[in-house]
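Here's the structure we're looking at; comments come further down.
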Amino acid sequence: MKFAILGNTYQTKKSVHLESLLTLLKKYNAEIYIYNDFYKFIVSSTKIPLDNVRTFTVLDFSVDMIICMGGDGTFLKAASFVGNRNIPILGINTGRLGFLADISPNEIQDTIKDIFSNNYRIEERSVLNLVCQDKTIKGYPFGLNEIAVLKRDSSSMITIHTSINGNYLTTYQADGLVISTPTGSTAYSLSVGGPIIVPHSSTIAITPVAPHSLNVRPIVINDDWEITLDVESRSHNFLVAIDGRSETCAEGSQLKIKKADYTIKVVKRTDHVFFKTLRDKMMWGADGRA
């Protein structure tokens with residue numbers, strides 16, 4: 001099998017987990033490619049042997065699987081690398097919470113064994129696509145977690161006229177609006193009061209950020225519907241953040257958000273169930289009171 005590896009370049013003390021991974025992959029005679037920036041970090045910060053390892057800067061070749069080492073941010077970066085190539089992504093969590101990168105370091109050996117035994121499953125996760133009228137999005141216009149429209153810095157809240165399939169929904173006066181996939185429901189959307197959504201639900205959540213009216217609440221819609229946003233701002237511009245990658249848009253730019261025509265394939269161990277992950281990550285039931 002052929003693997004491409006991306007990793008967090010800020011955690012030298014956790015590089016021991018990479019060494020374990022490389023040792024296991026070589027044991028199975030795997031072809032190993034490491035993202036160039038990560039490779040440089042490993043060389044400069046560790047003494048991990050990197051013999052028989054190749055590097056890459058652009059994923060313009062075929063691999064059987066991407067392995068990312070870090071938190072969910074590293075996983076999102078891997079997803080943007082993969083795009084519509086249908087390459088499964090395995091996330092090893094050396095970060096903090098980790099809903100996407102949910103393989104703990106102490107599971108690496110068993111997980112790699114399962115992969116070579118074909119004892120794992122693939123979950124397909126929906127992706128959002130952003131189209132901005134009269135402007136080309138500079139970065140990757142697809143989001144696995146969310147697309148957020150936000151005010152800039154300390155400017156006044158923005159006004160977001162929102163329509164669904166051409167039908168007017170409401171006008172949000174808020175610090176922003178988070179449009180989330182089920183995958184992203186446990187990310188930014190959750191932090192601003194959005195609902196937790198089971199990953200395979202064919203839905204999109206729309207959640208305001210600090211709305212001016214307390215009557216405004218999150219709403220969940222079908223994921224085959226198109227969302228149109230017209231934004232007004234006193235500063236005459238606003239931010240659009242796609243999985244944390246942000247850029248400025250001018251007031252009057254119309255945004256259209258809909259489900260992309262491809263999915264991201266996430267590698268899961270057979271015993272990893274979403275509800276168990278919720279209990280573990282959110283510490284549900286951890287209250288020890290009798």
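The values are calculated or read from the model by the stated rules, or taken from the named source; none is laboratory data. Computed from a predicted model, the values in this text were never measured in an experiment. Methodologically, a virtual Cβ is constructed for each residue, glycine included, from the backbone with ideal geometry; neighbour enumeration extends over all protein chains shown. Accessible surface areas use protein heavy atoms only, side chains included; no ligands, DNA or RNA. Shrake-Rupley method; radii C 1.70, N 1.55, O 1.52, S 1.80 Å.
Looking across the stretch 175-201, the residues that are crowded, with 18+ Cβ neighbours inside 10 Å and of a type in the set (S, T, Y) come down to S180, T181, T183, S185, T186, Y188, S189.
Can you tell me which residue within the stretch 218-272, out of those that are basic (K, R) and out of contact with any helix residue (DSSP H, G or I) (no Cβ under 7 Å at 6 or more places or on another chain), is surrounded by the fewest Cβ atoms within 10 Å (Cβ to Cβ)?
Going residue by residue through the stretch 218-272, those that are basic (K, R) are 234, 245, 256, 258-259, 265, 268-269.
Within this subset, residues satisfying the condition of being out of contact with any helix residue (DSSP H, G or I) (no Cβ under 7 Å at 6 or more places or on another chain) are 234, 245, 256, 258-259, 265, 268.
Working: R234: 12, R245: 16, K256: 14, K258: 18, K259: 18, K265: 19, K268: 20.
Looking at residues that are basic (K, R) and out of contact with any helix residue (DSSP H, G or I) (no Cβ under 7 Å at 6 or more places or on another chain), I get R234.
Of all the listed residues (S246, S235), the sole one being more than 22 Å from the chain's Cα centre (by Cα) and either assigned to a strand (DSSP E or B) or modelled with pLDDT under 90 (or both) is S235. Filtered by the rule that a residue be in a helix (DSSP H, G or I), within 21 Å of G95 (Cα to Cα) and open to solvent by less than 70 Å² (accessible area, probe 1.4 Å), the stretch 25-56 gives N36, F38, Y39, F41, I42, S45.
Can you pull out every residue in the stretch 135-149 that is modelled with pLDDT of 85 or more and surrounded by fewer than 20 Cβ atoms within 10 Å (Cβ to Cβ)?
In the first step, residues of the stretch 135-149 are kept if they are modelled with pLDDT of 85 or more; the result is 140-149.
Within the stretch 135-149, Y140, P141 meet the criteria.
Going residue by residue through the stretch 66-76, is there one that turns out to be open to solvent by less than 30 Å² (accessible area, probe 1.4 Å), aliphatic (A, V, I, L, M) and farther than 30 Å from Y188 by Cα?
Here is the first cut: in the stretch 66-76, the residues open to solvent by less than 30 Å² (accessible area, probe 1.4 Å) are 66-71, 74-76.
Then drop every residue that is not aliphatic (A, V, I, L, M), which leaves 66-67, 69, 76.
If we keep only those that are farther than 30 Å from Y188 by Cα too, we end up with none.
No, that holds for no residue.
Go through the stretch 157-174 and give me each residue that's open to solvent by 50 Å² or more (accessible area, probe 1.4 Å) and in contact (Cβ under 8 Å) with a residue 24 or more places away in the chain.
Of the residues in the stretch 157-174, the ones open to solvent by 50 Å² or more (accessible area, probe 1.4 Å) are 157, 161, 165-169, 173.
Those that are open to solvent by 50 Å² or more (accessible area, probe 1.4 Å) and in contact (Cβ under 8 Å) with a residue 24 or more places away in the chain: M157, H161, N165, G166, L169, Q173.
Restricting the first member to the stretch 240-257 and to residues that are more than 11 Å from K151 (Cα to Cα), and the second to residues that are open to solvent by 60 Å² or more (accessible area, probe 1.4 Å) and among the β-branched types (V, I, T), the beta-carbon pairs closer than 8 Å and six or more apart or on different chains are L255/V131; K256/V131; I257/V131.
Quick one: would you say L21 is surrounded by 16 or more Cβ atoms within 10 Å (Cβ to Cβ), in a loop (DSSP other than H, G, I, E, B) and touching a helix residue (DSSP H, G or I) at 6+ places or on another chain (Cβ under 6 Å)? Full working, then the answer.
Details: surrounded by 16 or more Cβ atoms within 10 Å (Cβ to Cβ): yes; in a loop (DSSP other than H, G, I, E, B): no; touching a helix residue (DSSP H, G or I) at 6+ places or on another chain (Cβ under 6 Å): yes.
So L21 fails the test.
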